[in-house]
Amino acid sequence: MSPWLFAWLIMAVGAAAQALLLGLQTYEHRRFARSRLRNARTAPLSMRVRLLAPCKGIDHGLADNLRPLLEQDYPNYEVVFLVESADDPACETIRGLMRQSARVPVNLLVAGRATDTGQKVHNLMAGTANLPADVEILAFVDSDARPHSAWLRSLVQRLDAPGAAAATGYRWFVPTRPSLAAYVQYAINACAAVMYRADSRGLVWGGSWAIRRDKFEECGLRAAWRGTLSDDLVASRVLRAARMRVEFEPACMLPSPLELNFGQMLEFLRRQYVIGRTYALRTWCIGFAAIVTTALAFWGGVVALVYGASHGAPWTWMPALFCVAWYAINVGRGYLRRSTARIYLGDRFRTLAAATLFDAWCVPFTALINAAVMLSAAIGTRITWRGNTYRIYQGGRIQLLNPPRFELPHGVRIDQAQEVFDMFHAQPRQQLKKFL
């Protein structure tokens, strides 16, 4: 046996074992989600919740995403929308919704331009500063997710679990129109979604989670956010270090409208993997090995099969058997994810029919794209996120590569520029008002 064939055989055994284990995990996730949703708790709740929703720009269906935040089936909460600037295009939509809200207290907080922290993290730090004394729970949601009316109640109820410090959901992408890019991203995200179990192993997703206020302050999460780019991976790292339990709540798996082209899909995936490499290196390394090995094993098997068949090699049966077995296992996993999507989305599932079939039957293509993006994420430190370009340094500290443009206020002399510039970066509004 040649060294190349032996190396491929080792990868093939590992890829087959991995596919079987992931199939079992997918089955267990579906079983848990079905059981949990069938036996949902309805205990009365009264803890005061501050719901934080960072926004930037116009997401697809933004008004439909944000409106449910003001219509939650929960008796005691407030909503704080967080934006970088009063000129953000999202503000018009937010103000329109605020005018329609009579039952729920709503605020629009302008956090200002971030200079040494990711903009989303900067917004969250502003929203968690000077918390009112009566706030007991902090909840977080992304502007591209679409919660149902019981979402907040489900999150808070999950915090009733013994020892639970935080509760998390995740996203389930819903392509708004047929496209190859949307289907690939749907498939990759669905594989990640079914990795959650009852105990999320300390992993939270920033678009759908909540934490007790005392635990938030005890673990020093707000301070840990400073100077970083990722809200959820930093939160996960801090919570694990503090040995605080994070519970996964299937009722908080949120549909997220998805509309993008192939370039945007590749940019999104690479950004997620680069951030993961920075803030969760151990998990990223495991994922890198699994994703790349799987793609190499299958497509290497295809090459070996073609070569062996064309040369009449006696070992041709090995890659043939592996490719058929691996593909069959992964089609089975795809159908398990398809039935899981039906559990989560109910009537909305019919819009996912084509995406779920692509997920099941086109797994070799998806695996190849995923591996290529993962390899590209292994190098480089620059990413672009919502119009901002960042360089990420070792340890997770960042540099904003397109800092805000500074202009002298009207009436300020040029010899006063340095003083005003320093004030601008320290406390813009308060200091400039005093100066002027």
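What ranking, highest mean first, results for peptides 164-171, 84-91 when packing means the other Cβ atoms within 10 Å averaged over each residue?
Highest-to-lowest ranking by the protection proxy: 164-171, 84-91.
Please report, ordered by residue number, every helix of the chain (full DSSP H runs) that is 18 Å or longer along its axis going by C-alpha atoms and whose mean Kyte-Doolittle hydropathy reaches 0.0. Walk me through the intermediate numbers first.
Values: long enough: 3-38 (53 Å, 0.34); 180-193 (20 Å, 1.16); 262-279 (26 Å, -0.24); 281-311 (43 Å, 1.32); 317-345 (42 Å, 0.42); 363-377 (21 Å, 1.72).
Flagged H segments are 3-38, 180-193, 281-311, 317-345, 363-377.
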*When Cα extents along the principal axes in Å is calculated directly from the model, which label among (1) 91, 57, 45; (2) 81, 47, 41; (3) 86, 58, 41 fits?*
(3)
_Farthest positive-ward along the stretch 221-363 dipole, Cα basis, beta-carbon charges - from T294, C252, W326_ = C252
*Once the piece of chain linking L109 and V13 is laid out straight, how much longer is it, given 0.36 nm per residue of separation minus the C-alpha distance between them?*
29.2 nm
_Over the stretch 242-380: Rg over Rh, Cα atoms, Kirkwood Rh_ = 1.04
_So the label point goes 7 Å from the Cα of Y27 along Cα→C-beta, right? Which residues of the stretch 347-363 then have their backbone N under 20 Å from it?_
360-361
*Could you grab the Rg to Rh ratio for the stretch 141-194? Cα atoms only, Kirkwood for Rh.*
1.08
*Using only the Cα atoms of the stretch 46-281, construct the convex hull and provide its projected area averaged over every direction, in square nanometres to one decimal.*
12.2
*Of the options N123, S154, V80, report the single residue whose Cα projects farthest towards the positive end of the charge dipole of the stretch 79-184 (beta-carbon charges: Lys, Arg +1; Asp, Glu -1).*
S154
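Given contacts defined as C-alpha pairs under 8 Å and at least six residues apart, what's the relative contact order of the chain, whole-number percent? Mind dumping the intermediate values first?
Numbers: 702 pairs, mean separation 83.3, N = 436.
Relative CO of the chain lands at 19 percent.
How much of the DSSP bridge set in the chain is antiparallel, in percent, rounded to the nearest 5?
On the way: 16 of 41 bridges.
Taking every DSSP beta bridge within the chain, about 40 percent pair in antiparallel fashion.
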*Once all Cα-Cα distances of the stretch 1-65 are split into 5 Å bins that start at 0, what whole-number percent is in each one?*
3, 11, 8, 8, 8, 12, 14, 10, 8, 7, 5, 3, 2, 1
*Hey, rough spin-label estimate for F349 and R41, points 7 angstrom out along Cα→Cβ, what's it come to in nanometres?*
2.7
_Expected output is a single nm value to one decimal: the length gained when fully extending between Q394 and S85, i.e. 0.36 nm times separation in residues minus the C-alpha distance. What is it?_
108.3 nm
*asked:* Taking every alpha carbon pair in the stretch 1-147, what does the distance histogram look like in 5 angstrom bins from 0, in percent?
replied: 2, 8, 13, 14, 13, 10, 8, 8, 7, 5, 4, 3, 2, 1, 0
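Every number in this text was worked out from the coordinates using simple rules, so none of it is lab data. Every value quoted in this text rests on a predicted model; they were computed, and no experiment measured them. Counting neighbours? That spans all protein chains shown, and the Cβs are built from the backbone with ideal geometry, glycine included.
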